[in-house]
Amino acid sequence: MVFRAPDGVELVGHLRAPAQSSGPRPAVVVANAMTSVKEQSVNAGYAAGLASAGFVTLVFDQRRFGESGGEPRQHEDNQTRLDDLHAAVSYLTTLDSVVDANRIGAMGASIGGGLAMNLTAYDPRVRAFVAIAAGLLDPTRARELIPTYPARLAEQTELLQRYHRTGQLDYIPIARTPDIPAGQRVLFDNPIATEYYGSARGAAPNWQNRVSVLSLRTILVHDTRSAAEMVGPRAGMLIVGDRDISTLPEDHQAVYDRLTGPKRLEQLPGVQHNDLYDQPAAVGRAVALSAEWFRTHLS
């Protein structure tokens, strides 16, 4: 299916409805992991799992990626992603024979988890969220976690200035694979990214191991953390593996502490970051917890 953002960009997604469903159902919009497409397990697995549990789900390629429109291609920007998630909620509300517009939730994994929380905080049509192995950063926390933060921000600012002057972007691989020379920069130069995006686990027909070098800026300057205090009476669940060294359990705890409505934090024992992308036991547990949460708070 296709819906349009207000600026006319076509956003292509998969809308899943529960089997043998009749009448409007609660719906969940799924926010992609960074650089991912709708067919990858980290997105499709949760959308399919919640559909099987009785929810209408919508996962779509973020603009500039996969089958969706938008330029420049393969460029990450959390602000436009959040804008398009609002548009996705608006689209769901038009499906009045399928979706109950009064029962909409949001979920996401990795950076999509932080965006699901932001969407809930700033869109009162969204009543509950689930954030899984979530990227929960603001510039202060990013500076704490990235020792080279000042230098990276300066470099990104130079690239931004060049883009403003010329409209040109350079591109780098997302994850390191055996065919990439040792001296070649990549966006996520760590074993966690290579394990999933650099292997068959993260393969998908519409996914490319290519991203604009300016995409790092969204991690350095955009905020997927502070919205916790704006969620208010809406319900939020955070799920993270206790062995996650990418999106840290302590960041989930810090955000949980700032939520003021119904809330729950689940730290899954023995679970690492990528386990919550595609490993059946971890994903199955997260889907079951999410379905229970949405049944309670989208009732």
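Observations
- In order along the stretch 7-19, phi translates into HN-Hα couplings of 7, x, 5, 7, 10, 9, x, 10, 9, 10, 10, x, 4 Hz, rounded to whole numbers, per the Karplus curve 6.51 cos²θ - 1.76 cosθ + 1.60 with θ = phi - 60° and x for Gly and Pro.
- Note on log10 I(q)/I(0) by the Debye sum over Cα atoms at q = 0.11, 0.12, 0.15, 0.16 Å⁻¹: of the candidates (i) -0.84, -0.96, -1.28, -1.36; (ii) -0.61, -0.73, -1.18, -1.35; (iii) -0.79, -0.90, -1.16, -1.24, the value calculated from this structure sits at (ii).
- The mean accessible area for residues of the stretch 40-87, using a 1.4 Å probe and ignoring ligands and nucleic acids, is 25 Å² per residue.
- Ordered from largest to smallest accessible area (heavy atoms of protein chains, 1.4 Å probe), the residues Met230, Met1 come out as Met230, Met1.
- Between the stretch 1-25 and the stretch 274-288, the alpha-carbon center distance in angstrom: 24
- Among the protein heavy atoms of the chain, carbon and sulfur supply 51% of the accessible surface, probe 1.4 Å, non-protein parts ignored.
- Close amide-amide hydrogen proximity is noted between Leu268 and Val240, Gly241, Asp242, each under 5 Å apart and 5 or more residues distant or on a separate chain (H modeled in the peptide plane; Pro and chain starts excluded).
- For the stretch 271-286, Karplus couplings with θ = phi - 60° (6.51, -1.76, 1.60), whole Hz, Gly/Pro x: 9, 9, 4, 6, 4, 7, 8, 7, 7, x, 5, 5, 5, x, 5, 5
- The distance linking the stretch 127-188 with the stretch 199-235 is 10 Å (Cα centroid to Cα centroid, whole angstrom).
- Surface listing: Val99, Val221 arranged by accessible area from highest to lowest gives Val221, Val99, probe 1.4 Å.
- Cα gyration tensor shape for the stretch 229-299, rounded if a/c is under 1.5, else prolate or oblate: oblate
- With an a/c value of 1.5 or above and a/b not larger than b/c for the gyration tensor axes a ≥ b ≥ c computed over the alpha-carbon atoms, the stretch 158-244 is described as oblate.
- Nearest-10 value in Å² for the accessible area of Val283, using the 1.4 Å probe: 20
- Per-residue SASA entry for Phe188, accessible area with 1.4 Å probe, Å² rounded to 10: 50
- Cα gyration tensor category, rounded, prolate or oblate, for the stretch 1-85 with a/c compared to 1.5: prolate
- Degrees, to the nearest 10: 41-52 long Cα axis against longest axis of the chain: 0
- Taking amide H positions as modeled 1.01 Å from N, with prolines and chain starts lacking one, the residues under 5 Å from Arg225 and 5 or more places away or on another chain are Leu137.
- Acute angle (nearest 10 degrees) that the helix 78-93 long axis makes with the longest principal axis of the chain, alpha-carbon atoms: 20
- Working note: Karplus 6.51/-1.76/1.60 with θ = phi - 60° gives the stretch 153-168 the couplings 5, 4, 4, 5, 5, 4, 5, 5, 4, 4, 5, 4, 7, 10, x, 9 Hz, where Gly and Pro are set to x.
The values are calculated or read from the model by the stated rules, or taken from the named source; none is laboratory data. Note that the structure is predicted; figures quoted are calculated from it, not measured. Heavy atoms of the whole protein, side chains included, go into the accessibility calculation; ligands, DNA and RNA do not. Shrake-Rupley method; radii C 1.70, N 1.55, O 1.52, S 1.80 Å.
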